[in-house]
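Peer 1: My questions all concern the structure below.
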Amino acid sequence: MAQQMKLTLSVIKADVGSVAGHNRPHPDLLKRAEECLAAAKAKRLLLDFCVSRCGDDINLIMTHSHGVSHEPIHRLAWDTFMECTRVAKSLKLYGAGQDLLVDAFSGNVKGMGPGVAEMELIERPSEPVVILMADKTSPGAWNLPLYKIFADAFNTPGLVIDPKMHEGFIFSVLDVKKKAVITLACPEEQYDLLMFLGAHGRYMVREIRRKEDNEIAAVASTDVLSEIAGKYVGKDDPVCIIRAQAGMPAVGEILEPFAFPHLVEGWMRGSHQGPLMPVAFHQANPTRFDGPPRVIAAGFQLNQGTLIGPIDLFDDPAYDEARRQANTAADYLRRHGPFEPHRLPLDEMEYTTMPMIMSKLRDRFKSVG
Ligand code: 13P
Ligand code: 13P
Ligand code: MG
Ligand code: MG
């Protein structure tokens, strides 16, 4: 039966160069990415694809039947980003090849720089999905909205009303420092879960499953570039895939948390706290202090692997107030200049000039103890 076909939805993203600093990719990069993926579709490696971008990040949204971490799919994404890097270099774009951290592809783009969110699913009779894409922030930005969507009945009445959701959801949380994962079930372990999710610089939601049948509900990219490279190479600018409706949160329940522009890490030089502003596709151009951080939401219906969409879900005056609040919060935070907590604490800052300053001034500290 067609509906029983196992389908994989892969979103692989990277920043490989942009126009006027970290603002947006040149149209020639997006065109090149389209050509590469169209060729892969013609060869039937892909069922379908959509090239999207948020700020300076290119998102390759791909459907296929090969499962997650499939080498030819990862190679396709890597080669596509290499091709785009070549275009970026020829145009002398800023940060050409920024997120490609190794010289040669070796099997899986994870750990090589690009961000990855993939899920394998059996298409339901109707399969709506929402793909969230952010710029100038890190995967910890998804913690608060994912908690609200999948564990807070004041956001998601479906947790109370929908019998398939009533048992709750199971969160897999990554400790990026220890590179270890813990799974916690909601509602019964929600206070334990919140202890971790609140520390969003270190603990990040990686995957969410429905408790009743272990069905995959959401996956996020949790590739932390600074941890991978050991030094600053740009923010991680995460993506997240969420299935919607009919036993999953409704599209409106998925979007609702973004009516509150919560504070996330990133913004200028990846070193500040700023409000996450939900915007229409054409507004995903971070300019004020290289921000504030942006999130876009693309809605699709899957039809045996065909991507029907994207629908620009934050292109709605209902999100004007969130954008206005984000601007108010941005004004307030900016007045702190280089002071914490607007600027991140030293150990979390992506640019660490402190060791250099310390080595210069060390001898001038006089003990008073
Ligand atoms: P419909 O009655 O339009 O299907 O909507 C149901 C729903 O889940 C709205 O959130
Ligand atoms: P990106 O991570 O989006 O490239 O931004 C880097 C930066 O330093 C912005 O000020
Ligand atoms: Mg950039
Ligand atoms: Mg970016």
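Peer 1: Run the simple label-point estimate for Val19 and Gln301 please: 7 Å along Cα→C-beta, distance reported in nm.
Peer 2: In this crude spin-label approximation the distance works out to 3.4 nm.
Peer 1: I've got another one for you. Just check the stretch 183-328 against the gyration tensor rule for me: Cα atoms, a ≥ b ≥ c as the square roots of the eigenvalues, rounded for a/c under 1.5, and otherwise prolate or oblate depending on whether a/b exceeds b/c.
Peer 2: In terms of gyration-tensor shape, oblate.
Peer 1: Please arrange Val181, Val219 by counting, for each residue, the other beta carbons lying within 10 Å of its beta carbon, fewest first.
Peer 2: If I rank by nearby Cβ atoms, fewest first, I get Val181, Val219.
Peer 1: Apply 1/(1 + (r/R0)^6) to the Cβ-Cβ distance of Glu212 and Lys41, taking R0 = 30 Å, and write down the FRET efficiency to the nearest 0.05.
Peer 2: 0.30
Peer 1: When the chain is modelled as a GNM with alpha-carbon springs shorter than 10 Å, which of Ser65, Ser359, Ser52 fluctuates the most?
Peer 2: Judging by the Gaussian network model, the answer is Ser359.
Peer 1: Any idea how far the Cα center of the stretch 175-213 sits from the one of the stretch 115-168, in Å?
Peer 2: Computed from Cα coordinates, the inter-centre distance equals 14 Å.
Peer 1: Using only alpha carbon pairs under 8 Å that are at least six residues apart, calculate the relative contact order of the stretch 234-330 and give it in whole percent.
Peer 2: 24 percent
Peer 1: Scanning the chain for helices, which whole DSSP H stretches are 15 Å or more long along the axis (Cα) and average -0.5 or more by Kyte-Doolittle?
Peer 2: Helices meeting the span and hydropathy rule in the chain are 27-42, 71-90.
Peer 1: Please state the Cα pair-distance histogram of the stretch 205-274 with 10 angstrom bins from zero: what percent is in each bin?
Peer 2: Reading the bins upward from 0: 17, 38, 29, 15, 1.
Peer 1: To continue, here is another question. Using label points projected 7 Å from each Cα along Cα→Cβ, tell me how many nm separate Ser90 and Phe154, to one decimal.
Peer 2: 5.5 nm
Peer 1: Okay, next question. Would you work out if the stretch 168-223 is rounded, prolate or oblate? Take a ≥ b ≥ c from the square roots of the eigenvalues of the alpha-carbon gyration tensor; rounded if a/c is under 1.5, else prolate when a/b is larger than b/c, oblate otherwise.
Peer 2: Cα axes put the stretch 168-223 in the oblate bin.
Peer 1: Take each of the peptides 29-38, 78-87, average the number of other beta-carbon atoms within 10 Å over its residues, and list them starting from the highest.
Peer 2: So the peptides 29-38, 78-87, ranked by packing, come out 78-87, 29-38.
Peer 1: Still on this structure, please answer the following. Can you give me the relative contact order of the stretch 18-120 as a percent, contacts being Cα pairs under 8 Å and 6 or more apart?
Peer 2: Dividing the mean separation by the residue count of the stretch 18-120 yields 29 percent.
Peer 1: Gain in length, Phe289 to Asp192, computed as 0.36 nm per residue apart minus the alpha-carbon separation, to one decimal in nm?
Peer 2: The span from Phe289 to Asp192 would gain 31.4 nm if fully extended.
Peer 1: Here's another thing I want to ask about it. What is the chain's relative contact order, in percent, from Cα pairs under 8 angstrom and six or more apart in sequence?
Peer 2: Worked out over the chain, it gives 18 percent.
Peer 1: Grab the DSSP H runs of the chain that are 4 residues or longer, score each as -39,500 (n - 2.57), total them, divide by all residues and round the 222 nm result to the nearest 500 deg cm²/dmol.
Peer 2: Roughly -7000 deg cm²/dmol at 222 nm, from the helical runs in the chain.
Peer 1: Going by a ≥ b ≥ c, the root eigenvalues of the Cα gyration tensor, does the chain fall in the rounded group (a/c under 1.5), the prolate group (a/b larger than b/c) or the oblate group?
Peer 2: In terms of gyration-tensor shape, oblate.
Peer 1: If you take every residue apart from Leu194 with its C-beta less than 12 Å away from the C-beta of Leu194, what net charge results, scoring Lys and Arg +1 and Asp and Glu -1?
Peer 2: Residues near Leu194 contribute -2 overall.
Peer 1: A further question on this structure: Starting from the 7 Å offset along Cα-to-Cβ, what nm value, one decimal, do you get for the label separation of Ser359 and His166?
Peer 2: 6.4 nm
Peer 1: For the ranges 306-319, 105-118, 141-154, what's the packing order if you count other beta-carbon atoms within 10 Å of each residue, average per peptide, and put the highest first?
Peer 2: 141-154, 105-118, 306-319
No lab work stands behind these numbers, since they all come straight from the coordinates. Nothing here was measured: the structure is a model prediction, and the numbers come from that model. A quick note on method: Cβ atoms are made from the backbone with ideal geometry, for glycine too, and the neighbour counts reach across all protein chains shown.
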